């Protein structure tokens, strides 16, 4: 087991998988080929704390307890 994955992160895995499958995968190739970042998608990732969820609250992660 990965020591960086706690119960909260493990519980978020199905949501992250669904988000990646339904949200990210659909436009990934197009964005990758054009070398652009989908800012809406990045904002959604941030709202769901799918950007560096392992960072402590002191780093701005509101979901860290």
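Values in this text are rule-based calculations from the coordinates and carry no lab data. Quick caveat: nothing in here was measured; it's all calculated off a predicted structure.
When the chain is fully extended, how far beyond the present Cα-Cα distance does residue 51 get from residue 7, taking 0.36 nm per residue of separation? Each step should come with its number before you reach the end.
Working: separation 44, 0.36 × 44 = 15.84 nm, distance 1.73 nm.
Extra length available between residue 51 and residue 7 comes to 14.1 nm.
Let me make sure I get this right: for the stretch 7-52, a, b and c are the square roots of the gyration tensor eigenvalues over alpha carbons, sorted descending. Under 1.5 in a/c it's rounded, otherwise prolate if a/b > b/c, else oblate. Which is it?
Values: a/c = 2.95, a/b = 1.88, b/c = 1.57.
It comes out prolate by the Cα gyration axes.
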